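Reading through the structure tokens given below for one structure.
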Amino acid sequence: MSTKSVWKVRDTGDLPFDSLIPRDRDLSGERPLSTRRQLLLRTLGTGAAILGGSALAACARQSEAATTVLPPPETTTLRIVMPPECDPGLWLAKDYLREEGFTDISHVPTNFTTRAWLTDGLADIAPAHPEFMVATIDAGLPLTVLAPLHSACLELWADRSITTVGGLKGRRISVRMKDKSDQFFAFFAALLGYVGIGDVHFVEAGIDNYGAMIDAFKDGRADAVLAGAAEGPKLRRSGTRGNVILDTMTDKPWSLYECCHLVANRDWARQNPIATKRATRAVMRATNRAAKDHAGAARDSIASGFPKEESLVVAAMNMCKYNWRDVEPTETARFFALRLAEAKVIKSTPEEIIDRGTNFAFLPQLRSELKA
């Protein structure tokens, strides 16, 4: 099927959030964020003075605080969904995973923004955005959220005639599917419901057609698109028409919450609780390493086979805040669950999403072990 043949343009007259009214952001109902600052002030630990370049991993291992002693993992095999450019820690974690007892480590070349890795049993852990997590848990799929990785990394690009989110009214927005299984549609449902816009048109590319979703904006078939990770830098580099009207690194309330998280197949995590803890620790150690030196992380990951472009890894990482110690992931889940429930995209309450789909029991210990 040609790219052109899969395109559809649909109205949003039947969307449940088209009757929402604009809200005052000061009356949005989101809860104040909790931080770990007070806990960290009470926690004894050693700082880590990290050098750049190839010695980074060795220095990090030597400078970390004493780690929790865990039994051997129940399995030595771990399948990881291929991460985007903003999360090279999921690639660089291989050395740490070997230290944790894993011997068969593979990166699965499947899209982390679709559910196939979970529904088809292709992988054990993956990165995931909050709107994907919430909608997937609401759908009853076996997803569990283990830890936050960073905030930001998303940019909303629009035609130059659109300068604000409010300017999207009546315009065409590129998504993969007009369904909550598409995290890009879910993000727009949360955003448009939040600002009280329902009169938009979604242009659909197909659930596995991320490239075509971006192309619709580049070719002028859509007026706006959500660009993740390296896609924003690519649009800049290509001189694509348009401008950024929302940056999740700087624009509130989106900048207050985490973006990419570490998630797992819940069935795998329940069968392998020790392996889950060990895998989480390895990924967070690697994320720490990467956050200290973006250029070094990009260089080291590419040198070890990460199938990305080095300059785009650096650019994507520069769009993120690796603040996983300071932002409570339950608040991120609650915020997006509230927004999607208000838009009638999900039926679960925030508490049900958190109870069914999160497991942060090991996170406080990791925050204590892994100093900034």
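Data for the structure
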{"item": "Contour excess over end-to-end distance, with Cα ends at S106 and T76 and 0.36 nm allotted per residue", "result": "9.7 nm"}
{"item": "Protection proxy ranking of 325-333, 359-367 - average other beta-carbon atoms within 10 Å, highest first", "result": "325-333, 359-367"}
{"item": "Segment 310-371 versus segment 218-284: alpha-carbon centroid distance in Å", "result": "11"}
{"item": "Among 134-140, 241-247, 310-316, the order from most to least packed when residues are scored by Cβ within 10 Å on average", "result": "134-140, 310-316, 241-247"}
{"item": "Added length on full extension, which subtracts the Cα-Cα distance from 0.36 nm per residue, T164 to E352", "result": "64.3 nm"}
{"item": "Translational diffusion of segment 130-232, µm² s⁻¹ [Kirkwood Rh, Cα pairs; Stokes-Einstein; 10 °C; 1.306 mPa s]", "result": "111"}
{"item": "Rounded to whole Hz, the Karplus (6.51, -1.76, 1.60) HN-Hα couplings of segment 247-263, x for glycine and proline", "result": "10, 6, 7, 10, 8, 7, x, 5, 5, 7, 10, 6, 9, 6, 10, 8, 10"}
{"item": "Long-range amide H partners of M82 with built H, under 5 Å", "result": "V108, T110"}
{"item": "Whether segment 150-294 is rounded, prolate or oblate, judged on the alpha carbon gyration tensor where a/c under 1.5 counts as rounded", "result": "prolate"}
{"item": "Mean Cβ neighbour count within 10 Å, used as a protection proxy, ranking 217-227, 341-351 highest first", "result": "217-227, 341-351"}
{"item": "Computed over segment 267-372: relative contact order in percent, which uses C-alpha pairs under 8 Å that are six or more apart", "result": "22"}
{"item": "Percent carbon-and-sulfur accessible area, segment 243-342, ignoring ligands, DNA and RNA, probe 1.4 Å", "result": "49"}
{"item": "Rounded FRET efficiency, nearest 0.05, which uses the C-beta distance separating D120 from T68 and R0 of 22 Å", "result": "0.10"}
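The values are calculated or read from the model by the stated rules, or taken from the named source; none is laboratory data. The shown structure was predicted, so the numbers you read here are calculated from the model rather than taken from an experiment. In this analysis, Cβ positions are derived from the backbone assuming ideal geometry, glycine residues included, and neighbour counts consider all displayed protein chains. For the accessible areas, the whole protein counts, side chains as well, though only heavy atoms, and no ligand, DNA or RNA atoms are used. Shrake-Rupley method; radii C 1.70, N 1.55, O 1.52, S 1.80 Å.
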